[in-house]
Amino acid sequence: MPAPDRYAVIGHPIAHSRSPQIHALFAQQTHQHMSYGAIDVAPAELALRVHEFFAGGGHGLNVTLPHKETVMALAGDLTARARTAGAANTLIRNADGRLTADNTDGAGLVRDLTHNLRVAVRAQRVLLLGAGGAARGILAPLLQLEPRELVIANRGEERAGALARAFAALGPVRATGFAALDGACFDLIINATAANLESQLPPLPPGTLAATTICYDLFYAGSDTCFTSWAREHGAAQVHMGLGMLIEQAAESFYLWRGVRPDTRPVLAALAASRAH
């Protein structure tokens, strides 16, 4: 039997990633002959390590923090989703050897919110925390759901402002600093910061959250993050971590690579059950 087609996720750090388990379950379910690993790549080594992976016969890469924006320069082609986001989480090797960069994060989040969790976004006030690559990847799909307003809050208000201006044509989006949130209340709060990796909660005024607010952390961990702990302590109506988004964006990448779309429901159930134990 020939060697399996090789795929991997790259990031720094990467030991926490559940992507190898997710793609192994997808491959088993869909009978695909492939392997999927995790590669820790420091920012200074990104170009070299990506080149080595594909030169050695690799077929595709997922890309996570902190490489989602810088990896764009390594691709010969960008999909419309990657170009709009200004960030990529998926690299595909084409038949001619060129790399295409895509972004499946937004599709994964929207699928999890609307299909798995049945969260309504249309006509709601949405607060997005963070203005990095993770935020960029989900902005356009979120605005396509027609929220009443989408507010980007970031420690660096200038970066949030630049992001809001870049997406202003797609819907009602504006930027602010955290202090200016005092007195504002939101229906949905999405954490797209890297604060969980540093165990530091964004400085959110308590009034941003009401008894009906839904809180969603893009970051996934085996136990509550500092953001989800804050949400529970302040009485959020629902608190979710990004396990569903992780699985749904992975399914989209898997489809791009293999041409078959896996059923995410049993994978979500399996990973949720393993977290419970």
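Laboratory data are not the source of any read-out in this text; all were calculated from the coordinates shown. Treat the numbers as computed from the prediction; the structure is a model and nothing was measured. So basically every Cβ, Gly included, is an ideal-geometry build from the backbone, and we count neighbours across all protein chains shown.
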Of Leu163, Leu145, Leu48, the one that fluctuates the most in a GNM where the chain has Cα springs shorter than 10 Å: Leu48
Asp224 paired with His16, simple spin-label distance in nm, labels 7 Å along Cα-to-beta-carbon: 1.7 nm
Acute angle (nearest 10 degrees) that the helix 19-30 long axis makes with the longest principal axis of the chain, alpha-carbon atoms: 60 degrees
Fully extended contour minus Cα-Cα distance, from Ala269 to Ala162, at 0.36 nm per residue: 34.6 nm
Unit charges on C-beta of K, R, D, E only; dipole of the chain, Debye: 400 debye
For the chain: relative contact order, % (alpha-carbon pairs under 8 angstrom, 6 or more apart): 15 percent
Sparsely packed trypsin sites (Lys or Arg not before Pro) within the stretch 82-190, loop by DSSP, other Cβ within 10 Å at most 10: Arg118, Arg122
Length released on extending from Arg148 to Ala73, taking residue separation times 0.36 nm less the Cα-Cα span: 23.6 nm
Charge sum, other residues only, whose C-beta stays under 14 Å from Ile190's C-beta, Lys/Arg counted +1 and Asp/Glu -1: -3
Estimated inter-spin distance, Gln28 and Ala123, nm [label 7 Å along Cα→Cβ]: 4.4 nm
Given charges at Cβ of Lys, Arg, Asp, Glu: the chain dipole, positive-most of Leu46, Gly76, Ala180: Gly76
Calculated Rg and Dmax of the Cα atoms in Å (choose from (i) 18.4, 63; (ii) 18.4, 58; (iii) 20.8, 74), label: (i)
Per-pair calculated FRET efficiency, R0 = 30 Å: Val260 and Gln200 via Cβ, rounded to 0.05: 0.15
Degrees separating the helix 157-166 axis from the principal Cα axis of the chain, which is the longest one: 70 degrees
Tilt relative to the chain, helix 133-144 - C-alpha long axis, 0 to 90 degrees, to 10: 70 degrees
Shape call, the stretch 106-241: gyration tensor on alpha carbons, a/c limit 1.5: rounded
For the stretch 106-241, with +1 on Lys and Arg beta carbons and -1 on Asp and Glu, the positive-most of Ala131, Pro206, Val121 along the dipole: Val121
Relative contact order (percent, whole number), the stretch 106-241, Cα cutoff 8 Å, 6+ residue spacing: 21 percent
Highest to lowest packing among 13-22, 235-244, scored as the average C-beta count within 10 Å: 235-244, 13-22
Share antiparallel - DSSP beta bridges, the chain, percent rounded to 5: 15 percent
CD proxy at 222 nm, helix term only [per DSSP H run n ≥ 4: -39500 (n - 2.57); per residue of the chain; nearest 500]: -10500 deg cm²/dmol
Separation in nanometres of the label points that stand 7 Å from Cα toward Cβ, at Thr212 and Arg174: 2.1 nm
Share of pairwise Cα separations in the stretch 42-119, more than 15 Å, in percent: 56 percent
Among His234, Leu109, Ala168 the positive-end extreme of the charge dipole of the stretch 106-241 (Cβ point charges): Ala168
Selected from Asp40, Asp96, Asp187 as most flexible by GNM, with the chain as the system and alpha-carbon contacts under 10 Å: Asp96
Given charges at beta-carbon only (K, R positive; D, E negative), |dipole| of the stretch 95-212 in Debye: 180 debye
